[in-house]
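Trainee: What follows is a single structure, and I will ask about it in a moment.
The numbers here are math on the coordinates, done by the rules we state, and not lab data. Predicted model only: the values in this text are computed from it and were never measured. All Cβ positions, glycine included, derive from the backbone under ideal geometry; neighbour counts span all protein chains shown.
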Amino acid sequence: MERKLLAIIPARGKSKGIKKKNLYPINGVPLIDFTITAARDSEVFTDIVVSTDCPDISLYCSKAGVRVIDRPKEISGDFAKSEDAISHTLLELQSYHQYFDDFILLQPTSPLRTANDIKAALLIYKSSHADSLVSVCEAEHPFQKGLIETSDGIKPITTWQDLSSPRQELQKSFRINGAIYIRSVKEFLQTHSLYSPTLKVFKMSRDTSLDIDSLSDVARLEIFLEQKRLS
């Protein structure tokens with residue numbers, strides 16, 4: 001039997017860097033529309049839902065034919081966690097006797113994640129029999145060259161030796177880019193975590209890992225789209 005797959009698009013109304021960021025027009029198209037289109041074009045989902053606290057986002061998504069789950073204010077603030085929105089969405093759907101085996105979290109601030117990326121990531125998830133997958137890109141700078149501040153002072157993230165090692169000798173490090181998270185519904189509801197010991201990754205380029213947080217990111221996105229159009 002085919003597993004039921006849910007797309008969850010979390011879209012708060014407020015944002016610090018850009019006012020109404022998820023509806024911010026990119027070449028005349030609201031930012032969130034890039035993610036809705038990618039989810040639809042992938043043709044892998046049993047259902048697609050948007051979790052939001054914003055009436056304007058709710059109205060736009062409803063007009064676009066996307067199901068909306070109204071998110072409570074208490075899990076919609078600046079310090080709200082995606083995990084809380086996911087739990088609320090899954091439990092809300094279950095209250096209507098709608099159950100899913102897995103979900104994919106697609107943040108609307110990752111507009112360059114495509115339908116093909118979603119399908120490729122899902123293939124890795126299924127073939128590896130993992131309980132979780134995240135999209136990543138190679139880190140701009142090796143994490144082994146990083147420092148952290150602790151109660152005992154400044155320390156290396158890994159070892160003192162790594163700080164002095166040539167970059168070429170260090171293992172590749174990757175950062176989570178926020179574009180794709182895949183998780184077993186059962187495992188998530190038990191752990192309230194997007195990650196598991198069987199975590200797998202889907203590698204994306206740094207360019208397509210662009211995360212929209214400021215107007216300078218918007219400018220980079222528009223340049224990328226124009227270059228793509230001309231290529």
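Trainee: Just to be sure I follow the definition: excluding the sites themselves, where is the longest run in the chain that has none of the GluC sites (Glu not before Pro) in a DSSP loop with at most 13 other Cβ atoms within 10 Å?
Mentor: 44-139
Trainee: Quickly estimate the mean residue ellipticity at 222 nm for the chain, helices only: each DSSP H run with n ≥ 4 gives -39500 (n - 2.57), and the total goes over all residues, rounded to 500.
Mentor: -10000 deg cm²/dmol
Trainee: Taking only C-alpha pairs under 8 Å that are 6+ residues apart, what is the relative contact order of the chain in percent?
Mentor: Answer for the chain is 24 percent.
Trainee: Something else about it: Please say if segment 95-231 is rounded, prolate or oblate, where rounded means a/c under 1.5 for a ≥ b ≥ c the square roots of the C-alpha gyration tensor eigenvalues, and otherwise the choice is prolate for a/b larger than b/c and oblate otherwise?
Mentor: It comes out oblate by the Cα gyration axes.
Trainee: Is there a quick way to get the dipole size of the chain? I mean about its Cα centre, with the Cβ of Lys and Arg at +1 and of Asp and Glu at -1; what is the value in debye to the nearest 20?
Mentor: Computed charge dipole of the chain: roughly 280 debye.
Trainee: Counting other beta carbons within 10 Å of each Cβ, put Arg183, Arg206 in order, fewest first.
Mentor: In increasing order of surrounding Cβ atoms, one gets Arg206, Arg183.
Trainee: Under 8 Å for C-alpha pairs, at least 6 residues apart: give me the relative contact order for segment 1-108, rounded to a whole percent.
Mentor: After rounding, I find 41 percent.
Trainee: Sort Phe224, Phe79, Phe103 so the one with the fewest other Cβ atoms within 10 Å of its own Cβ comes first.
Mentor: With the fewest neighbours first, Phe224, Phe79, Phe103 line up as Phe79, Phe224, Phe103.
Trainee: What is the magnitude of the charge dipole of segment 157-228 about its Cα centre, with +1 placed on the Cβ of each Lys and Arg, -1 on the Cβ of each Asp and Glu, and no other charges, expressed in debye to the nearest 20?
Mentor: Its charge dipole is roughly 340 debye.
Trainee: What pairs from Lys14/Lys119; Lys4/Lys81; Lys145/Lys203; Lys19/Lys63; Lys20/Lys203 go past 27 Å between their alpha carbons?
Mentor: From the list (Lys14/Lys119; Lys4/Lys81; Lys145/Lys203; Lys19/Lys63; Lys20/Lys203), the Cα-Cα distance tops 27 Å for Lys14/Lys119; Lys20/Lys203.
Trainee: Convex hull over the alpha-carbon atoms of segment 161-231: what's its volume per residue in Å³?
Mentor: So the per-residue Cα hull volume is 190 Å³.
Trainee: Separate question: If contacts are Cα pairs under 8 angstrom and at least 6 residues apart, what is the relative contact order of segment 87-224 in percent?
Mentor: Normalised by residue count, the contact order of segment 87-224 is 38 percent.
Trainee: While we're here: In what sequence do Leu225, Leu122 fall when counting other Cβ within 10 Å, fewest first?
Mentor: Final ranking by Cβ density, sparse to dense: Leu225, Leu122.
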